[in-house]
1. Compute the distance in nm between two label points, each set 7 Å from the Cα along the Cα-to-Cβ direction, one at residue 555 and one at residue 655.
2. What is the calculated FRET efficiency for residue 507 to residue 152, with r their C-beta to C-beta distance and R₀ = 25 Å, to the nearest 0.05?
3. Between residue 304 and residue 19, what is the label-point separation in nm under the 7 Å Cα-to-beta-carbon projection?
4. For 68, 81, which order do you get if you count the other beta carbons within 10 Å of each Cβ and list the fewest first?
5. Given an 8 Å cut-off on Cα distances and at least 6 residues of separation, report the relative contact order of region 223-326 as a percent.
6. For the ranges 43-50, 420-427, 156-163, what's the packing order if you count other beta-carbon atoms within 10 Å of each residue, average per peptide, and put the highest first?
7. Which order results if 153, 576 are arranged by neighbouring Cβ count within 10 Å, fewest first?
8. Tell me the Kirkwood radius of region 393-488: reciprocal of the mean inverse pair distance over distinct alpha-carbon atoms, in Å.
């Protein structure tokens, strides 16, 4: 299948600069402290409230604030300086110790107790119920779990400059993939840099429009509930914080379908940016799944569904009875299609004498693939490719040894297969998908399947589910490197930022995790998303972990339906082959295969709305080229507006809960 016109348009969306600068300085250090003390707790709080966290909003709020401070100091921020602030905010809001908040709930949950898992969880994961009842991390029983969490986080950051960096060099420098999502952050940063220097162009105007939309929407979505919650027993929510559940209204004609719609306009903005064919394919496949589900109910393939179930429970029973197996099969199909593309690419390059090898090219007018890999662009701040490979090898070996020490009965050969087989192969496949379509899918159930395999070889217990196994996918970091390149930022400045961020993130994460836990139990009505969704998450987690319990029988194995798995593999590959035969776009094919078997997907229709508005209104009104440039900047501005309101709402709510802490 050849590359379609829509994909080719992304190649010229934003040119790679020829000059790179160091963006790390004293402003970056101050920004890091601000992010750790202000943005991280805001993101943790919103994750418990809405499930989304601040995400990109934290990045834009931080950069806007420092730009305004620079203006009042009669100076300006350049694109590399803004990118470093943007990058640090993106890393810091992903609080590593917030995982311990879910762990303390899971150990005490009814799901873990019902599956017989609670008493098998090792002490290096979390202490017992008596310690957990105190709702504090500042006790000796939590030292080992916190140290282990910190070490795992350190490995994850190091590996970004290991395998993540190596794959960036391969997919960006050698293969020259377009990475359609990378310009979102890059063009927004460029707009802010132009504003900071006083050279405002269309980027700043579009960014401001998106910011105002985010402010207005955020005031209704987050501001009203936060403010009214300070003086009302039940806050006013004009827009659902998580999603609106219409399942009980549609179950009469769509039985077994979890019908929910998200009113988060962020999904509309994503629809603006993603390739139209990918969004369309996912939507068509999701609707097809919804139409097929009532037939499965009628044929008694989803026997656990009962009328009156809400979206969460409907999704759960469908997942157990059918769609977990369908998802496994489709994921295998997607992986096989990805491998096929890689093989085809290598074969074409071999025929055109561009295969990655040290052999000299016949065309000496341009550097060969091997030369582009070994010699990166001058001035970009790259380090040796061998250093990246060394980091990857060292971190993987260390993780393997640590995991073997914690869970000595787990097979060593599986740990080696994770680190030196699956991780590099799937990271490359996913990076290529990001480079081509702006989205990627991982093969689900790899961890579960291999743990079941280990169980067949004699492993019993649940400790391995919590151990730091060397199983990763670094496609996201590859996109981050490409965004950094588009802003003219040296890679060396990103390395400096990581060194400063690590201690700030570790300290802030544990302090604010403790603070949120002390305010109210987690989950509880004080945190709506956790209270609504964590029960489902705990059920799924306990289901998986039941596969390695002593005895051999588990609900997880009962949920595996091999006919559905094989049918999904054949159906996914067949669908792709038919579409490819008729010349359908690559992204439409991936979208269709990815959308089949979707369960609770409240984001589908909002993304479709954004894609339709972009293609059939804005493109016709202002032109295809301009809209391709405007959409990423508009989305970035919207994220900034949401971030400003989010932080204001966070302040109101935390003050309220701190004052009225005694009832909890």
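Just so it is clear, none of the values below were taken in a lab; they were calculated from the coordinates. Being a predicted model, the structure only gives us computed values, none of them experimental. Cβ coordinates were reconstructed from backbone atoms using ideal geometry, including for glycine residues, and neighbour counts include every protein chain displayed.
1. With each label point 7 Å from Cα toward Cβ, the separation is 4.5 nm.
2. Working: r = 16 Å, r/R0 = 0.66.
Using R0 = 25 Å, I get an efficiency of 0.90.
3. Label at residue 19, label at residue 304, 6.2 nm between them.
4. Numbers: 68 12, 81 28.
So the residues, fewest neighbours to most, are 68, 81.
5. Values: 95 pairs, mean separation 30.3, N = 104.
Here the relative contact order equals 29 percent.
6. Top to bottom by mean Cβ count within 10 Å: 43-50, 156-163, 420-427.
7. On the way: 153 20, 576 23.
With the fewest neighbours first, 153, 576 line up as 153, 576.
8. Working: mean 1/r = 0.0682 Å⁻¹.
For region 393-488, the Kirkwood estimate is 14.7 Å.
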